[in-house]
Amino acid sequence: MKLPPFDYACPTTLPEAIALLGSRDGDAKALAGGQSLMPMLAFRLAHPTLLVDLRKLADLRGIRISARGVALGAMVRWRDIEDDAQLERAHPLLKAAVAHIAHYQIRNRGTVGGSLAHADPAAEMPGIAITCEAEIAVVGKSGPRVIPAADFFQGALTTALAPDEIIVEVRLPPWPAGRRWGFQEFARRRGDFAMAAAAVFYDPDESGKARNAHVGAIGVADRPLRLPAVEEVLNGRPIDEATIAQAEAAASACVDPQDDIHASAAYRRALIGTMVERALKRAAA
Ligand SMILES: Cc1cc2nc3c(=O)[nH]c(=O)nc-3n(C[C@H](O)[C@H](O)[C@H](O)COP(=O)(O)OP(=O)(O)OC[C@H]3O[C@@H](n4cnc5c(N)ncnc54)[C@H](O)[C@@H]3O)c2cc1C
């Protein structure tokens, strides 16, 4: 399908990009990899009068690993994460989740910032941001601000971003050695969006009991969720069969998905329990 008409700009600096985005009373849109925006235009779900291409903003492309954690520039592509061997240790959960995103052609172009801004409830990166308590650094006409992931996602395809704001980077807290983790996803075909996925991690204490459990759920609500009821089951307990069974039941009980064309609510409720169970088994092993 042909795209609706729009003006196009390709700024070389961040201030220029922000000025352009703020120049159309909310009718301008950033263009990153185009992997979500182009279909939105083709289906007439978005009608921007100006596209501001971010591809020349080289400062948004870096992956920084330090004692403060992992910072991913907004224009980092899935492919960059896949190819970064250091992330294997610095953030294995991120690596595992990104491996489920789409097909390699899309992974060559799709970006971290685009995925966060698009806020698809079944997308992996927003789920990782929520599970890991990421911070999202943005800049707009009124200056920079940092938005906790928990405040960023406000509904399906809806975020806390102002129309003139650009995501600059997402910051994931440090990943201690010895952390146990698992990521499990079920999709109809490899590379499809998740029907449901679970991201879990915990830091075992000296006796092997779980501390600092974080459990995230993808694809079961209008936004990615943390599941505190499941984390409560895990904290202070050994991650054995009895705990995992209880966590699975708690995960199914604490979500409230809707029926849709892909699955019934009951199916998705059961599925997220199974994803949490499998992720915990992976983590414990
Ligand atoms: C067939 C297909 C299958 C896919 N499967 C998956 C999947 O399984 N899992 C998954 O997570 N994703 C999937 N995707 C989406 C893909 O991962 C994209 O990378 C992702 O949606 C972001 O797209 P993009 O970076 O190309 O951003 P664009 O499409 O360019 O932009 C998306 C939105 O974000 C805004 N935006 C982009 N960058 C910024 C920024 N820095 N600051 C502010 N706003 C910004 C744009 O204005 C637009 O509203 C799939 C896409 C396709 C086409």
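Some observations on this one:
- Region 27-50, subset over 21 Å from the mean Cα position of the chain (by Cα) and near the ligand (Cβ under 8 Å from one of its atoms), residue farthest from ASP164 (Cα to Cα): ALA46
Conditions (1) touching a Ser or Thr at 6+ places or on another chain (Cβ under 7 Å); (2) crowded, with 18+ Cβ neighbours inside 10 Å; (3) part of a strand (DSSP E or B), marked per residue:
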{"position": "ALA213", "(1), (2), (3)": "no, yes, yes"}
{"position": "ARG223", "(1), (2), (3)": "no, yes, no"}
{"position": "ALA242", "(1), (2), (3)": "no, no, no"}
{"position": "ALA247", "(1), (2), (3)": "no, yes, no"}
{"position": "PRO257", "(1), (2), (3)": "no, yes, no"}
{"position": "HIS262", "(1), (2), (3)": "no, no, no"}
{"position": "ARG268", "(1), (2), (3)": "no, yes, no"}
{"position": "GLY273", "(1), (2), (3)": "yes, yes, no"}
{"position": "ALA279", "(1), (2), (3)": "no, yes, no"}
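- Residue in region 221-236 that is without any contact (Cβ under 8 Å) to a residue 60 or more places away in the chain and in contact with a Gly (Cβ under 6 Å, 6 or more places away or on another chain) present: no
- Criterion: surrounded by 13 or more Cβ atoms within 10 Å (Cβ to Cβ), touching a residue at least 40 places away in the same chain (Cβ under 8 Å) and among the charged types (D, E, K, R) - qualifying residue of ARG77, ARG61, ARG68: ARG77
- Failed item in (1) away from the ligand (no atom under 12 Å from the Cβ); (2) surrounded by fewer than 16 Cβ atoms within 10 Å (Cβ to Cβ); (3) part of a helix (DSSP H, G or I), with LYS2 passing the rest: (3)
- Restricting region 100-124 to residues that are assigned to a helix (DSSP H, G or I) and more than 6 Å from the ligand (Cβ to nearest atom), the residue that is nearest to VAL255 (Cα to Cα) is LEU116.
- Which numbered condition GLU169 misses (of (1) modelled with pLDDT under 95; (2) within 12 Å of the ligand (Cβ to nearest atom)): (1)
- Across region 80-89, the qualifying residues are those that are among the aliphatic types (A, V, I, L, M) and either surrounded by 19 or more Cβ atoms within 10 Å (Cβ to Cβ) or farther than 17 Å from PRO174 by Cα (or both), and the one among them that is nearest to the ligand (Cβ to nearest atom) is ILE81.
The values are calculated or read from the model by the stated rules, or taken from the named source; none is laboratory data. As the structure is a prediction and not an experimental result, all values here were calculated from the model. We place every Cβ from the backbone using ideal geometry, glycine too, and count neighbours over all the protein chains shown.
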